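Encoded as structure tokens, the structure appears first; notes follow it.
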Amino acid sequence: VQLQASGGGLVQAGGSLRLSCAASGRTFSNYVMGWFRQAPGKEREFVTSISRSGSGTYYADSVKGRFTIARDNAKNTVYLQMNSLKPEDTAVYYCVAGIGNSYSFTNARDYDYWGQGTLVTVSS
């Protein structure tokens with residue numbers, strides 16, 4: 001499956017952004033979807049994931065209550081709504097897809113496909 005992320009940009013602290021990730025090539029609803037991020041000089045970290053049907057979601061503690069993941073299987077797209085953004089949210093955000101059975105995987109090795117990344121910059 002090919003993943004194309006979009007929606008990144010520059011936003012002030014406290015603002016919002018919505019990322020989108022369009023998938024193509026395989027049956028989208030067969031995949032657990034998620035987002036990772038990597039800040040400058042830091043390791044890549046898990047942000048959130050969503051089950052195949054969209055009924056189950058999982059969040060890193062650092063974004064819980066501020067970020068929301070959703071998917072539209074008819075449009076082969078997963079979204080990340082980011083509210084109350086903080087400067088520490090600045091990172092390249094990667095859309096991921098996994099064929100595993102659990103949507104609570106937080107290790108990058110558990111995901112099989114990665115998008116190219118989209119940069120989110122939050123200014124203070």
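The values are calculated or read from the model by the stated rules, or taken from the named source; none is laboratory data. If you're wondering where the values come from, they're calculated on a predicted model, not measured in any experiment. As a convention, Cβ positions derive from the backbone with ideal geometry for all residues, glycine included, and neighbour counts pool all protein chains shown. We work out accessible area using only protein heavy atoms, side chains counted, and drop any ligands, DNA or RNA first. Shrake-Rupley method; radii C 1.70, N 1.55, O 1.52, S 1.80 Å.
Couple of notes before you dig in:
- Taking a straight line from the alpha carbon of LYS64, these lysines sit under 21 Å away, with near neighbours fewer than eight places off in the same chain left out: LYS42, LYS86.
- Enclosed volume per residue, in Å³, of the convex hull spanned by Cα atoms of the chain: 88 Å³
- The alpha-carbon of LYS75 sits under 16 angstrom from the alpha-carbon of none of the lysines, leaving out residues fewer than 8 places away in its chain.
- Average Cα contact separation per residue, the chain, under 8 Å, 6 or more apart, as relative contact order %: 36 percent
- Shape category assigned to the stretch 74-120 from the gyration tensor of Cα positions, a/c cut at 1.5: prolate
- Note that the chain presents 50 Å² accessible area per residue, ligands and nucleic acids not counted, probe 1.4 Å.
- Carbon-plus-sulfur accessible fraction, the chain (probe radius 1.4 Å, protein heavy atoms only): 45%.
- Beta bridges from DSSP with both residues in the chain: antiparallel share about 90 percent, rounded to the nearest 5.
- Lys/Arg +1, Asp/Glu -1 at C-beta; the chain dipole; positive extreme among GLY8, PHE46, SER124: GLY8
- Charged-residue dipole, Cβ positions (Lys, Arg, Asp, Glu), the stretch 1-102 about Cα centre, Debye nearest 20: 180 debye
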